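S.K.: The structure under discussion is supplied below as structure tokens; questions concerning it will follow.
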Amino acid sequence: MNYIRLILASESARRRDLLIGVGIIPTIVPSNVKEDLDEEVPSPESLVKRLAEKKVRAVLSRYPDDYILGADTLVYLGEEVLGKPQSELEAEEMLRRLSGKVHSVYTGVALYDPEARIMRTAYDCTAVKMRTLDEEDITWYVETGEPVDKAGAYALQGAGAFLIEKIEGDYTGVIGLPLPKVLGLFTEAGVSIRDLIEA
């Protein structure tokens with residue numbers, strides 16, 4: 001069996017940990033791509049796939065012979081995108097708006113296939129219902145520091161799990177890397193996940 005190295009074009013600890021959790025040890029190469037939420041795209045799924053692809057392309061020139069994986073996650077409340085809060089006040093406001101409502105978490109994934117020299121993309125959409133929060137809940141959670149740098153101002157894999165009432169879909173997509181979609185992209189490329197797990 002030939003071990004295949006995987007480049008993860010992200011410095012997200014959440015994405016790294018999801019891969020490590022299934023036995024894949026990625027080589028971390030931050031893309032340093034700025035998320036441009038003003039891009040003209042026809043749909044949320046198109047936007048997250050485009051942003052994921054941008055991250056891969058940002059490191060492709062340095063690793064043209066490796067499989068490179070990128071991902072991007074955005075939270076939508078109705079048709080409005082909620083990005084990463086830039087301050088505690090913005091995090092509080094996002095949580096107030098999400099309180100008691102169902103929102104959609106879109107995660108796009110892109111995989112560069114060095115054998116075919118093509119980019120493969122997919123996306124996941126999961127419906128998440130946040131429980132009704134009072135001001136004490138919001139203040140407590142923001143003071144944990146967890147909402148910073150999280151789309152929608154919460155982290156499902158941390159204390160933010162206490163904020164969630166119900167999930168319909170793939171929880172790994174909400175965390176930031178939908179593993180079934182990643183598996184699907186590797187399957188399309190003719191790569192067995194077993195080949196990504198170093199013996």
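S.K.: Would you mind working out the magnitude of the charge dipole of region 79-199 relative to its Cα centre, with +1 at each Lys and Arg C-beta and -1 at each Asp and Glu C-beta, to the nearest 20 Debye?
M.R.: Here the size comes out at about 460 debye.
S.K.: Express the C-alpha Rg of region 141-199 as a ratio against the empirical globular expectation 2.2 N^0.38 Å, rounded to two decimals.
M.R.: Here the answer is 1.49, to two decimals.
S.K.: Oh, and also: Compute the distance in nm between two label points, each set 7 Å from the Cα along the Cα-to-Cβ direction, one at E135 and one at E93.
M.R.: In this crude label model, E135 to E93 measures out at 1.7 nm.
S.K.: Quick one: 3J(HN,Hα) in Hz for region 182-188, Karplus 6.51/-1.76/1.60 with θ = phi - 60°, rounded, Gly and Pro as x.
M.R.: 4, 4, x, 5, 5, 4, 4
S.K.: What's the center-to-center distance, using Cα atoms, between region 129-199 and region 102-123 in Å?
M.R.: Each part reduced to its Cα centre gives a spacing of 16 Å.
S.K.: Additional query: List nothing, just return the count: lysine pairs in the chain, 8 or more apart or interchain, with Cα separation under 20 Å.
M.R.: For the chain, qualifying lysine pairs total 23.
S.K.: Tell me, V109, V33, V59 in order of fewest to most beta-carbon neighbours within 10 Å?
M.R.: Listing V109, V33, V59 from fewest to most nearby Cβ atoms yields V33, V59, V109.
S.K.: In deg cm²/dmol, rounded to 500, what helix-only [θ] at 222 nm does the chain give when every DSSP H run of at least 4 residues adds -39500 (n - 2.57) and the total is split over its residues?
M.R.: Value at 222 nm, helices only, nearest 500: -9000 deg cm²/dmol.
S.K.: Given H placed 1.01 Å from N in the peptide plane, which residues other than close sequence neighbours of S10 have an amide H under 5 Å from its amide H?
M.R.: V29, S31
S.K.: Given a cut-off of under 8 Å on Cα pairs at least six residues apart, what relative contact order in percent is computed for region 6-196?
M.R.: 22 percent
S.K.: Around L133, which amide H atoms from residues at least 5 apart in sequence, or from another chain, sit under 5 Å from its own amide H, with H modelled in the peptide plane?
M.R.: G100
S.K.: Any idea what diffusion coefficient the chain gets from Stokes-Einstein, in µm²/s, Kirkwood Rh on alpha carbon pairs, 10 °C, 1.306 mPa s?
M.R.: 92 µm²/s
S.K.: Please give the contour-minus-distance gain from I197 to Y171: 0.36 nm per residue of separation, less the Cα-Cα distance, rounded to one decimal in nm.
M.R.: Contour length minus the Cα-Cα distance gives 7.1 nm.
S.K.: Of V75, G152, L8, which is farthest along the charge dipole of the chain in the positive direction, counting Lys and Arg as +1 and Asp and Glu as -1 at C-beta?
M.R.: L8
Only the coordinates and a few stated rules stand behind these numbers; no lab work does. Here the structure is a predicted model, which is why all the values come from computation and not from measurement. Methodologically, a virtual Cβ is constructed for each residue, glycine included, from the backbone with ideal geometry; neighbour enumeration extends over all protein chains shown.
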